[in-house]
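The values are calculated or read from the model by the stated rules, or taken from the named source; none is laboratory data. What you see is a predicted model; the values in this text were computed from it and never measured. As a convention, Cβ positions derive from the backbone with ideal geometry for all residues, glycine included, and neighbour counts pool all protein chains shown. Quick note on the areas: whole protein, heavy atoms, side chains included, nothing else; ligands and nucleic acids left out. Shrake-Rupley method; radii C 1.70, N 1.55, O 1.52, S 1.80 Å.
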Amino acid sequence: MPAIRCENLTKQYGPVVALDHLSLEVPTHSVFGFLGPNGAGKTTAVRLFMGLAQPSSGQAWIDGVAVGMPKLKERAGYLPDVPAFYGWMTGREYLLFTADLFRLSSTVARERADELLALVGLAGAAKRKVGGYSRGMRQRLGIAQALVNRPRVLFLDEPVSALDPIGRRDVLELILRLKDETTVFMSTHILSDVERVCDTVGIINKGKLVTVSSVIQLQARYAPSVFEIELEDDPARLISAIEPQPWVIRAEKVADTQMPVLRVQVKDVSTAKKALPQIIATSGAALLRYELVMPSLEDIFLELVGGAA
Amino acid sequence: MKGLAALLKKELKEQVRTNRIIIVAGVFLFFGLATPLMYRYLPELLALAGDDMGSILPPPTAMGAMAEYASTMVQFGVLVIVLVAMGAISRERESGTAALVLSKPAGYTAFVVAKFKAIGATTLIGTILGGLACWGYTYILFEEAPVWGFFCQNALLLLYLLLTIAMTLLFSSLFRRQLTAGALGLVSIIVLSIASGLPWFGKYLPGELVSWGNYLLVDEPTSAAWGAVAVTLVFIILSLYLAGTILQKKEI
């Protein structure tokens with residue numbers, strides 16, 4: 001049984017289709033990255049899964065429970081993109097209140113609250129009012145409150161976007177550790193986070209799911225391979241020699257480096273491996289570096305969403 | 001109603017921590033003390049100001065002071081309660097705090113009912129303090145103060161205020177802007193109170209609670225308005241039920 005399954009999940013706001021027939025299956029104990037530019041429909045999808053908005057059509061099941069069933073809330077954890085708390089409560093009080101909603105006994109609740117505060121690095125601020133918390137501290141408290149019930153499925157909407165680099169590393173490491181006990185559905189627009197922690201990635205743009213695949217498969221399938229060639233002199237002549245070749249997609253000069261670097265995207269790597277050095281040699285250019293680079297998720301992403309990000 | 005106990009505990013704490021209870025109790029206490037005093041010395045104050053209206057006014061009585069307090073609270077009490085209740089749900093939706101709570105095992109109706117009970121408790125405390133202050137001060141100033149009639153009048157006033165809370169919460173779940181919720185809560189309670197002047201069915205409307213209270217205070221024979229009491233209770237339950245149902249359908 002998949003941890004998350006949805007069929008043709010659609011949400012319309014008037015004429016705007018925020019989510020367009022999303023069909024998806026996320027296996028248990030995996031970290032699923034839901035990737036897309038701002039306004040792609042990521043938050044809408046998460047809110048539909050949590051029952052905080054009603055779908056216009058379609059259905060979804062979380063851990064086998066149909067979305068909208070009260071039982072679901074016992075099993076899921078949720079961190080919204082901008083978590084909001086009662087400013088008059090302390091961080092610890094908020095976790096105790098959450099534990100109370102899950103009907104944990106007061107002893108268990110206190111233990112769980114302290115354990116989670118330590119886990120997200122808020123032990124020192126536990127007795128301070130949330131009203132005085134920084135954006136990053138609220139985000140950490142948001143993660144803690146989503147874990148109170150040891151959820152079977154955890155929805156994190158942009159979990160690290162408000163954090164500084166250290167906080168970000170901590171939270172991503174935490175997500176990796178959580179994988180053993182829960183399934184994580186994480187929406188983000190930050191590609192490097194997906195590359196770091198996600199097993200599978202779904203790319204969404206303008207409400208539509210563009211593709212779902214493992215990160216490795218995605219790199220193999222979508223992005224053309226790229227050769228980086230560094231020369232001592234201007235690569236213009238070389239570009240004109242490479243571009244007409246049938247195995248080439250694009251050859252361009254990358255401007256932002258001291259030495260002119262030539263990036264050559266190819267369709268057929270094996271042909272290019274043999275042909276490219278020959279062309280360089282024939283051109284008489286002084287070669288400094290020649291490298292076959294793996295495509296980054298960013299290349300794939302930009303290609304799939306057409307530069308919308 | 002899932003999570004009612006936890007939600008109620010939180011709401012009651014909120015009433016205390018955000019000083020709502022102090023504000024409400026303060027307003028009731030102020031009018032409880034000020035009304036008998038103003039009422040007792042109004043003729044003299046007017047005379048001092050050189051106005052001979054004072055001689056036309058009937059001599060102030062304990063009953064008059066207490067009736068004056070009740071009619072003041074029907075206005076100012078309602079206003080304060082609307083101000084406290086109008087943002088209760090809309091502000092939580094607007095700020096996002098509701099989204100976190102309602103993604104937990106907390107029912108929508110429980111969410112509304114917990115707020116009703118907590119604001120109701122604050123109102124109860126305010127009514128008791130204001131009533132005691134008014135009764136005590138009236139007794140000091142007039143050397144008499146009816147107990148039973150005044151108690152009944154305040155109980156009916158409390159019921160009227162509870163209806164105000166329920167209706168304001170209904171509008172607070174309907175609208176994201178708390179001012180809209182407050183304005184509509186206020187307008188609907190005013191309309192209901194005006195409508196109680198209408199022939200034959202008017203006496204079954206909540207506004208009738210206020211005039212029945214006045215009769216009970218002066219111990220004058222009148223037909224009991226149990227019908228209005230029943231209708232008010234139905235309105236309260238209906239408002240809370242609708243608020244919960246609407247909230248469930250709304251975007252949180």
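Only residues that are among the hydrophobic types (A, V, I, L, M, F, W, C) and closer than 19 Å to B:G87 by Cβ were counted across region B:145-192, and they come to 18. Checked against the criterion of being within 14 Å of chain A (Cβ to nearest Cβ) and buried (at least 20 other Cβ atoms within 10 Å of the Cβ), region B:21-33 has at least one qualifying residue. The one condition from (1) open to solvent by 30 Å² or more (accessible area, probe 1.4 Å); (2) over 30 Å from A:A45 (Cα atoms); (3) out of contact with any Asp or Glu (no Cβ under 8 Å at 6 or more places or on another chain) that A:A275 does not meet is (1).
Can you name every residue in region A:156-177 that is assigned to a helix (DSSP H, G or I) and open to solvent by less than 20 Å² (accessible area, probe 1.4 Å)? Within region A:156-177, A:G167, A:V171, A:L172, A:L174, A:I175 qualify. State all residues of region A:248-272 that are of a type in the set (G, A, S), surrounded by fewer than 17 Cβ atoms within 10 Å (Cβ to Cβ) and modelled with pLDDT of 80 or more; if no residue qualifies, say none. Result: A:S270, single match. Checked against the criterion of being out of contact with any Lys or Arg (no Cβ under 6 Å at 6 or more places or on another chain) and within 14 Å of chain A (Cβ to nearest Cβ), the candidates B:G182, B:G244 yield just one match: B:G244. In region B:1-13, the residues that are within 8 Å of chain A (Cβ to nearest Cβ) form Cβ pairs under 7 Å with partners that are surrounded by fewer than 19 Cβ atoms within 10 Å (Cβ to Cβ), at six or more places apart or across chains, as follows: B:K2/A:P70. Among the residues of region A:179-192, those that are of a type outside the set (S, T, N, Q) and buried (at least 22 other Cβ atoms within 10 Å of the Cβ) comprise A:V184, A:F185, A:M186. Regarding region A:138-145, can at least one residue be identified that is surrounded by fewer than 22 Cβ atoms within 10 Å (Cβ to Cβ), touching a residue at least 40 places away in the same chain (Cβ under 8 Å) and either within 14 Å of chain B (Cβ to nearest Cβ) or touching a Ser or Thr at 6+ places or on another chain (Cβ under 8 Å) (or both)? Yes, region A:138-145 has at least one match. Being over 21 Å from B:Y241 (Cα atoms), of a type in the set (K, R) and open to solvent by 40 Å² or more (accessible area, probe 1.4 Å) is a condition met by no residue of region B:115-123. The numbered conditions (1) aliphatic (A, V, I, L, M); (2) touching a Ser or Thr at 6+ places or on another chain (Cβ under 7 Å); (3) within 30 Å of A:I143 (Cα to Cα) are all true for B:A62 except (3). Here are the criteria: (1) over 18 Å from B:N154 (Cα atoms); (2) at pLDDT 90 or above; (3) touching a helix residue (DSSP H, G or I) at 6+ places or on another chain (Cβ under 9 Å). Tell me which single one B:V191 does not satisfy. The number of the failed condition is (3). When each of B:L216, B:L179, B:L157, B:L161 is tested for being in contact with a Cys (Cβ under 6 Å, 6 or more places away or on another chain) and assigned to a helix (DSSP H, G or I), the lone residue that passes is B:L216.
Among the conditions (1) surrounded by fewer than 24 Cβ atoms within 10 Å (Cβ to Cβ); (2) touching a Phe, Trp or Tyr at 6+ places or on another chain (Cβ under 6 Å), the only one that B:L186 does not satisfy is (2). Scanning region B:65-83 for residues that are among the aromatic types (F, W, Y) and open to solvent by 10 Å² or more (accessible area, probe 1.4 Å) yields one hit, B:F76. Residues that are at the interface with chain B (Cβ under 9 Å from one of its Cβ atoms), basic (K, R) and in contact with a Lys or Arg (Cβ under 9 Å, 6 or more places away or on another chain) within region A:62-111 comprise just one, A:K73. Scan region A:194-209 and tell me whether some residue there is open to solvent by 30 Å² or more (accessible area, probe 1.4 Å) and touching a helix residue (DSSP H, G or I) at 6+ places or on another chain (Cβ under 7 Å). Yes; the residues of region A:194-209 include at least one that is open to solvent by 30 Å² or more (accessible area, probe 1.4 Å) and touching a helix residue (DSSP H, G or I) at 6+ places or on another chain (Cβ under 7 Å).
For region A:110-120, state whether one or more residues are open to solvent by 20 Å² or more (accessible area, probe 1.4 Å), part of a helix (DSSP H, G or I), under 20 Å from B:L8 (Cα atoms) and at pLDDT 95 or above. So far as region A:110-120 goes, yes, one or more of its residues are open to solvent by 20 Å² or more (accessible area, probe 1.4 Å), part of a helix (DSSP H, G or I), under 20 Å from B:L8 (Cα atoms) and at pLDDT 95 or above. Of the helices (runs of 4 or more DSSP H) that lie entirely inside region B:48-119, those containing 1 or more residues that are in contact (Cβ under 8 Å) with a residue 60 or more places away in the chain and within 14 Å of chain A (Cβ to nearest Cβ) span B:87-95, B:97-102.
In region B:234-252, what residues are over 30 Å from A:D81 (Cβ atoms) and surrounded by fewer than 15 Cβ atoms within 10 Å (Cβ to Cβ)? Correct list: B:V234, B:I237, B:L238.
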